[in-house]
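Peer 1: After the structure tokens below, expect a handful of questions from me.
Since every read-out is calculated from the coordinates, none of them should be taken as a lab result. Just so you know, these numbers come straight off a predicted model, no measurement behind them. As a convention, Cβ positions derive from the backbone with ideal geometry for all residues, glycine included, and neighbour counts pool all protein chains shown.
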Amino acid sequence: MEEYDYFKESVPDGISNAIDTYDESLECCGQDAFELLVETFGSSVCGNDLKSATESDYVKFALAMKDYFELSYSPTADDAKTIIHKALTQWGG
């Protein structure tokens, strides 16, 4: 039996927590966060995708946030990097 790594529970939760900290006016849940991850990394998103994310991935995630939440401002690639790294820390990956 394969060990379950909790990626699909912990990382989207970590993303949503980090987004809520980033902008308290946003209401982000785990499903919203997972949608952002899929938009950025594809439907087979996994921990290695986040661990090896590039500047291009961070830009894509930031743009996905802007579009998804219909923001009047654009998060930066550094904002996206911080959000993703907080989620990785929560996951322990």
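Peer 1: Please work out the Kirkwood hydrodynamic radius for segment 43-93, using every pair of different C-alpha atoms, and report it in angstroms with one decimal place.
Peer 2: The Cα-based Kirkwood calculation yields 11.3 Å.
Peer 1: For the residue pair GLU9 and SER74, what label-to-label distance in nm results when each label sits 7 Å from Cα along the Cα-to-beta-carbon direction?
Peer 2: Each label point is offset 7 Å from its Cα along the Cβ direction, giving 3.8 nm.
Peer 1: Can you sort SER74, SER43, SER16 from fewest to most other Cβ atoms within 10 Å of each residue's own Cβ?
Peer 2: SER43, SER74, SER16
Peer 1: Could you tell me how many cubic angstrom of Cα convex hull volume the chain has per residue?
Peer 2: For the chain, the hull spanned by Cα atoms encloses 83 Å³ per residue.
Peer 1: Still on this structure, I have one more. How do CYS28, CYS46 rank when sorted from fewest to most other Cβ atoms within 10 Å of their own Cβ?
Peer 2: CYS46, CYS28
Peer 1: Using all Cα-Cα distances in segment 1-51, what percent lands in each 10 angstrom bin from 0 up to the longest?
Peer 2: Per 10 Å bin, starting at 0, the Cα pair percentages come out as 26, 51, 20, 3, 0.
Peer 1: Another one. Would you kindly state the longest site-free stretch of the chain, with sites defined as GluC sites (Glu not before Pro) in a DSSP loop (not H, G, I, E, B) surrounded by at most 13 other Cβ atoms within 10 Å?
Peer 2: It runs 28-69.
Peer 1: Relative to the Cα centre, what is the charge dipole magnitude of segment 43-93, using +1 at the beta carbon of each Lys and Arg, -1 at the beta carbon of each Asp and Glu, and rounding to the nearest 20 debye?
Peer 2: Computed charge dipole of segment 43-93: roughly 140 debye.
Peer 1: So between GLU35 and THR82, what do we pick up on full extension, going 0.36 nm a residue minus the alpha carbon distance?
Peer 2: Full extension from GLU35 to THR82 adds 15.1 nm.
Peer 1: While we're here: Tell me, in nm to one decimal, what length is gained between LYS66 and SER43 on full extension, where the rule is 0.36 nm per residue of separation less the Cα-Cα distance? Mind showing how you got there, number by number?
Peer 2: On the way: separation 23, 0.36 × 23 = 8.28 nm, distance 1.96 nm.
Here the answer is 6.3 nm.
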